[in-house]
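No value in this document is a laboratory result; all are computed from the given coordinates. As the structure is a computational prediction, the values presented were derived from the model and not from experiment. Please note: Cβ atoms are built from the backbone with ideal geometry, for glycine as well, and neighbour counts cover all protein chains shown.
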Amino acid sequence: MYRKFLKTTKSLTVSLEKGLNALTTQEHNPLYFHGALPLYIFWFLIFSGIMLWMYYIPTLERAWSSVNYITSLPVLGQVDGKWVTDATNASTGIPYGAVVRGVHRWGAAGMMIATVLHMLRVYFTDRHRSWRWLPWISGVGLLAVLLFVGVTGYLLVWDNRAYALVVFTQEFLRSLPLVGGALADFFVAGGQITDYTLTRFFFFHIAGATLIFVLIWVHFIRLKYPAVTPSRATNFLTFGFILAAAGSYPAVNVTKELLEKYASDSRITQYSDYIASDAPAHIGTLVTNIRYDAWYMFPYYLIDKLGAGWAWAVLGIAVALLLVAPFYPKDIRDNIAVVTEAKCTGCTFCSLDCPFEAIDMVERTPGSKFKLIAVVNEARCSQCGVCVGACPFLAIELPNTHSKTIEADVMALLDQGA
Amino acid sequence: MKTPRNTFGWIFLATGLVIFYLLAASAIATELNDVLHGPPFTSMVRDHMPHFLNAALDAVLPLKVQNLPYIKYFNPQHLSTNDNPFEQFNVVKWMGWAFIVGAIADIGTAYLTRVKTQVEE
């Protein structure tokens, strides 16, 4: 039943991709760069994050105002008929600070969307099971770390929402038996919220982003040719959407002065969407009507609506299902590539062509005619037959599939225009 | 084998590039207008510049954004930083759309110049 479900989803996904190929050609089909897109967007987050870092001050007193300094709009006035910046407004921001923060904000949403789409595509095309368990499991880890880094980004602003999220997180962690209290204290760097709390969140944010790089390396380790760069058109499309979003909806803190100045302007209502942060946090004053971000705050929505215990249950089951997914159902692996020792010349063609790093070239015993021999790592072999096509000496075979059969299959697919 | 170029592909590419550079040029021109004509960035520099340089800049660039060529097609409100701070990031928005148009032109060109795979027995 489950196997049939996977077969159906694979068939539907491939049909969708082929349909899009007819429009975009294979070269530019964005669905073929689903894995490269999150990494591509990640670079935007790194560079915009470094720029924000230049002005951010992680203390209780200055965190909100430093973010406000980066992103608030200049208040303008006319002096002698000329437009000038209002010198009385101390919160006038740095040029394009709101756009840089906008790129960081929309890029973060884009990365999460791209990551989830990547995961769904891999799952629906049944490319997550068996020998692919490591990329899948490391991908689940990446998703969790990305979520954590995103949430800590919201905390750094240190507005009402950030404070509420901290309270929810502490409640969530404390509900764990035995280690809950210690974890909650570790999260805020002590028994109570101090300046060290913001430093701790800042550490979480930067260290988490670094961990993403490490996990990406683990994610790629068994892939010979991972697609890490989208096509030019996909690059442009992604970059364009991020810029258009950051330009249309920059992450702006609309200051009191600005609102007063344009109080009679009907556009103020229209621009209320621009407000990226709430009022500065006041410890002890919990705001109940939090604006939940769909991509990063769904765990908090669960905690808010279900309570900490049920939230643990829902999230725990979801993570367990994701971790078990690559190991069920088990396939019969009776077609692992086999090397005929007498025929292998050690040319390395099969090893170079194997997409999953499943063939190692090892030295033969001294005195042999050839220096190297191909050795198949059974756990990594996908039984795809690429090595069979690569070998000019017919020295590697799939025991239950003759090379002529593979050739006939390839020709049939080419005839179909696949 | 050399990829045959389709005439329509070239037209598609040229149109895409023209739109791309038109959008980019309008965006940059608008921003230059903002930068060179005052707040919030360079008004202090302009105040200290010699009169003839100021006059030359004013002659090259129109005084108001709505005087820029084609601007009405891309920014119907004719607003810039000088007029409304909420509109100050239109330049970024336009650049974003320019990249999207460029991507579509690229995909269109690839589509129109695609080569069908043929298998010879």
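Of all residues assigned to the stretch A:395-406, none qualifies as being assigned to a loop (DSSP other than H, G, I, E, B), farther than 27 Å from A:V218 by Cβ, out of contact with any strand residue (DSSP E or B) (no Cβ under 6 Å at 6 or more places or on another chain) and within 14 Å of chain B (Cβ to nearest Cβ).
Number of residues in the stretch B:92-112 that are at the interface with another protein chain (Cβ under 7 Å from one of its Cβ atoms), over 10 Å from A:L243 (Cβ atoms) and of a type outside the set (D, E, K, R): the value is 5.
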